[in-house]
Amino acid sequence: MRSRQRVFAAVMRLLLKCLRLGRRRRFKLLRQAEQLWHYGHLCLRSLLYNSFTNGDVVLDSLFEPVYWLVDHVTRWFGVVFVALVIGLTSSIVAIVYICLLPLILQTYTPAWICWHLAYGHWNLIMIVFHYYMAITTSPGHPPQARDDLTGVSICRKCIAPKPARTHHCSICNRCVLKMDHHCPWLNNCVGHYNHRYFFSFCLFMTMGCIYCSISGWEMFRDAYAAIERMKLLEKDRLQVAANQTYYQTPPPAFSFRQRAFHKSVVYLWVLCSSVALALGALTLWHAALITRGETSIERHINRKERQRLQKKGKVSAARGAGGLSGAEPDTMCISPRLQVFRNPYSFGGWDNWKVFLGVDMPRHWITRVLLPSPHLPHGTGLSWDLPPCVTKQRTPLLAI
């Protein structure tokens, strides 16, 4: 009896010892895993930590492969995009001349006929002129070696002088004066010398699409209803023909010319309405940038600089519209009294438009804005002195 009790006690002690060993081993593994986690986290932070890292930097890093793909695809497909613009625009013009113009001449009053002929051809001439000039005009490139350039930095990719407002285009592989963006629909950069042509093309193309959409609304409704009737009659005709011989099949209810006419009208209205919405939004965006005296790149730079200075408590949240001529590239200015973030290249909304369009006197609104004009923009893109068309010079601000 005692021997059995001793054996049972020995077995229980052995079991308890095994449980303790298993618990200690489990705790030891957990401690080792925790130490490895902390060590890996410390190594990762020591290798990747940057005090300037924020959400924008992380987002730009994640989208870097996308940017690389877009740069290389845009470089090769620019000609295709230009051909697509020319083809779609030519198709709309052909439909207007072949299908709509005879109908307008037959049904409209002489006053409306004169209006459509005058406005339509004026709008078409402005579209063709500005698109051709935007494609063929060089945006402007800085000289490779100039010692008398003011406010110059060095481009890290070109290893050449980089004047104010100049940026490097990774698609063209060159620096561009007052670069706004690289437009695949132009197969060209939008810069100092062709920025006006690009915006005018967007504006007049949007106006033309809106004009076609509004004036062709009734025709679109009639054509769409006719196409639906065609489908129903075709369905009924096939059902009747299924019970008859080949020689008893009735002729089609609509001719090929009628089908082509109605489908062309629907195609014109859908395409013009879609382009008006998309291109209209882009035109409004660039109009807001022009009003502020910024380019697309400068808007991004100014926003980041404003946020950085606001975090340091150097500027207020209010936006300034003043400017400073001859400022350093990408340099923001702050009034020491008001502490307001300012764009150094803005002269006020109205004066910004006059500088952008090259309006020096009242008659230029007709000769340079409402009519095709190949006049050059103010300045050379190398320095940014006060243009003569600006009404008054802004109060000098302290550059930071």
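The values are calculated or read from the model by the stated rules, or taken from the named source; none is laboratory data. All of these numbers come straight from a predicted model, not from anything done at the bench. For neighbour counting, all protein chains shown are included, and Cβ atoms are generated from backbone atoms with ideal geometry for every residue, glycine included. SASA here: full protein model, heavy atoms, side chains in, ligands and nucleic acids out. Shrake-Rupley method; radii C 1.70, N 1.55, O 1.52, S 1.80 Å.
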**Request:** Working only within the range 348-363, note down all residues that are surrounded by 15 or more Cβ atoms within 10 Å (Cβ to Cβ) and out of contact with any Cys (no Cβ under 9 Å at 6 or more places or on another chain).
**Result:** Gly348, Asn352, Trp353, Phe356, Leu357
**Message:** Quick check on Cys169: is it surrounded by 23 or more Cβ atoms within 10 Å (Cβ to Cβ) and not acidic (Asp, Glu)?
**Reply:** no
**Request:** Give Ile95, Ile113, Ile171, Ile135 a once-over and let me know the one that is touching a strand residue (DSSP E or B) at 6+ places or on another chain (Cβ under 8 Å) and under 29 Å from Ser264 (Cβ atoms).
**Result:** Ile135
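To keep it simple, each residue is scored yes or no on (1) under 24 Å from the mean Cα position of the chain (by Cα); (2) open to solvent by 50 Å² or more (accessible area, probe 1.4 Å); (3) at pLDDT 85 or above; (4) more than 17 Å from Ser373 (Cβ to Cβ).
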residue	(1), (2), (3), (4)
Tyr131	yes, no, yes, no
Thr137	yes, no, yes, no
Cys158	no, no, no, yes
Ala164	yes, no, yes, yes
**Asked** Given the structure, is Ile125 of a type in the set (A, V, I, L, M) and either open to solvent by less than 70 Å² (accessible area, probe 1.4 Å) or touching a Leu at 6+ places or on another chain (Cβ under 8 Å) (or both)?
**Response** no
**Message:** Among the residues that make up the range 173-182, is at least one of them open to solvent by less than 20 Å² (accessible area, probe 1.4 Å) and either charged (D, E, K, R) or modelled with pLDDT under 90 (or both)?
**Reply:** yes
**Message:** I'd like the residue in the range 215-226 that is free of Cβ contacts under 8 Å to residues at least 60 places away in the same chain, closer than 14 Å to Phe261 by Cβ and within 36 Å of the chain's Cα centre (by Cα) and, out of all such residues, is most open to solvent (accessible area, probe 1.4 Å).
**Reply:** Tyr224
**Count of residues meeting criterion [in a helix (DSSP H, G or I) and either modelled with pLDDT under 95 or more than 18 Å from the chain's Cα centre (by Cα) (or both)] in the range 189-214** = 8
